[in-house]
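Undergrad: Have a look at this one.
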Amino acid sequence: MATLTTSSKRPYHIIVFGATGFTGQFVVEEVARTCNEGPGGTLQWAVAGRNRDRLEKTLVQAADALRKPELKCVEVIVVDVAEPESLAIMCKQGIIVLNCVGPYRFYGEPVVKACIENGAHCIDICGEPQFLEGIQLKYHSKAQENDVYIIGSCGFDSVPADMGILYTQVHFKGGLHVCKCFIILFFFVNGGCGHDATWQSAIFGFADSASLKRIRRKFGHKPLPAVGARIKKRGALFFSKEIEQYAIPFMGSDPSVVRRTQRYMHEEHKHSPVQYMAYVGIGGLFSVLKTLFAGVVFWFMVKFSLGRGLLTEFPEFFSFGLFSKTGPTRKQMDGTSFCLRFMGEGYTTGQDPSQGKPNATISTEITGPEPGYITTPITMVQAAITLLNEHHCLPNKGGVYTPGSAFARTTLIDRLNKHGIQFSLKNGQ
């Protein structure tokens, strides 16, 4: 089996860039937990960021949290995203850069550019469709030429959704036609919240939604063929019998990422594309009222610079506590979990889609711990471990890929199962 190995000139398997950030610190801990999963059972790694003292403090905190004093000796690389030379020096030393510096619309492109120019693969946890699709448009050919893999959305956005659709397709005995995904969050201790950086990404993403349409027009893609009838979209708010609570369309990056994967699988491997819709459960009537009020305020304020400034300055107030500048506590994270339920329809082998409605259904599920700061580090690090150990199973050439298009032929799902993110078949034909 071909693996990616270090050398004297490129001494690190993984470099965690943005290690002092809120998410980055948890990625550091996850890398430390998985050192025995690297090529040959070892993993050479380093942390990178702007401030040496803060990087060293992050390592001390990780060493204390995991009771691994040896982490204090992990190498530190001082890098500033605004200094191309420092980015180049970092990228020349690592096989993979785990980029945790967001919002990516402001800080992501220089990292991608430096990785491609200096031969380092790049994995990020971006949930911003404008950035993800813009990078594919601008850098896919350059990444192919240099045989560098740029794999975005390798956090909770959007590994579970993207790999979950592929998992559902594999277990469907025939041709999967449509798939609806319902995202459910469970909070057991004092509620849960996200960090301010995620909130900022949402603010500027919605404010600049027009740019996504421009990017998609530049691709010039033809519509994907639909097998059978077109999927029926639900309303902006509805009561879901599937999850027994009110639900709204999911506004994150999952639909964008899944559709890009389905396009890749259709164009490169002639697979029949699956029509996909994603929804998120919001609970009962009180939650509905709160969500509607917060949504109206958000949509109004995000249109103006003053409104965006207020949203950015007071995330906890305007998000009703869903986001804060301090992020969740460890106790809150330990009391939070998620479930993705996939409900698919299709045609059994030999059934003609033109002769009637789908004649078979399937239900699969993914469950896991807190999405943003426990699941996301796991999925990001396991994506890197998979790339290191199963490089031969990725697409033949480098390029800008989604998780599904990059890891479809690997054991990433098996690896995630071993790390507490469980994929399961609930019922099928």
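The values are calculated or read from the model by the stated rules, or taken from the named source; none is laboratory data. In this text, all values refer to a predicted model and were calculated from it rather than measured experimentally. Note: ideal-geometry Cβ built from the backbone for every residue, glycine included; neighbour counts use all protein chains shown. Accessible surface areas use protein heavy atoms only, side chains included; no ligands, DNA or RNA. Shrake-Rupley method; radii C 1.70, N 1.55, O 1.52, S 1.80 Å.
Undergrad: Kindly indicate the residue of segment 111-127 that is closer than 20 Å to Ser158 by Cβ and open to solvent by 10 Å² or more (accessible area, probe 1.4 Å) and also modelled with the lowest pLDDT among those meeting that condition.
TA: My answer is Gly127.
Undergrad: If you don't mind, there's one more thing I want to ask. Among (1) buried (at least 20 other Cβ atoms within 10 Å of the Cβ); (2) part of a strand (DSSP E or B); (3) free of Cβ contacts under 8 Å to residues at least 60 places away in the same chain, there is one condition Gly344 misses while meeting the rest; what is its number?
TA: Single failed check for Gly344: (3).
Undergrad: For the condition open to solvent by less than 30 Å² (accessible area, probe 1.4 Å) and either of a type in the set (Asp, Glu) or assigned to a loop (DSSP other than H, G, I, E, B) (or both), what is the one hit in Pro358, Pro328? Write out each step before concluding.
TA: On the way: Pro358 fails: open to solvent by less than 30 Å² (accessible area, probe 1.4 Å).
Answer to the check: Pro328.
Undergrad: List the number of the failed condition for Glu244; all other conditions in (1) over 17 Å from the mean Cα position of the chain (by Cα); (2) at pLDDT 95 or above; (3) among the charged types (D, E, K, R) hold.
TA: (2)
Undergrad: Sticking with this one: In segment 19-51, what residues are open to solvent by 10 Å² or more (accessible area, probe 1.4 Å), part of a loop (DSSP other than H, G, I, E, B), of a type outside the set (Lys, Arg) and farther than 15 Å from Ala384 by Cα?
TA: Of everything in segment 19-51, those that are open to solvent by 10 Å² or more (accessible area, probe 1.4 Å), part of a loop (DSSP other than H, G, I, E, B), of a type outside the set (Lys, Arg) and farther than 15 Å from Ala384 by Cα turn out to be Thr20, Gly21, Asn51.
Undergrad: Something else about it: So which residues in segment 212-241 are of a type outside the set (D, E, K, R), at pLDDT 85 or above and either over 25 Å from Gly372 (Cβ atoms) or surrounded by fewer than 14 Cβ atoms within 10 Å (Cβ to Cβ) (or both), if there are any at all?
TA: Initially, segment 212-241 is screened for residues of a type outside the set (D, E, K, R), giving 212, 215, 219-221, 223-229, 231, 235-240.
Checking the rest, the ones that are also at pLDDT 85 or above come to 212, 215, 219-221, 223-225, 235-240.
Ile215, Phe219, Gly220, His221, Pro223, Leu224, Pro225, Gly235, Ala236, Phe238, Phe239, listed by residue number.
Undergrad: Another question, then. Show me the strands (runs of 3 or more DSSP E) entirely contained within segment 141-250 in which 3 or more residues are within 30 Å of Val27 (Cα to Cα). Break it down stepwise before answering.
TA: Details: elements: 149-151, 174-187, 238-240, 245-249.
Once the strands (runs of 3 or more DSSP E) in segment 141-250 are filtered for at least 3 residues that are within 30 Å of Val27 (Cα to Cα), what remains is 149-151, 174-187.
Undergrad: Still on this structure: Which residues, counting only those in segment 384-404, are open to solvent by less than 10 Å² (accessible area, probe 1.4 Å) and assigned to a helix (DSSP H, G or I)?
TA: Ala384, Ile385, Thr386, Leu387, Leu388, Pro403, Gly404 - these are the residues of segment 384-404 that are open to solvent by less than 10 Å² (accessible area, probe 1.4 Å) and assigned to a helix (DSSP H, G or I).
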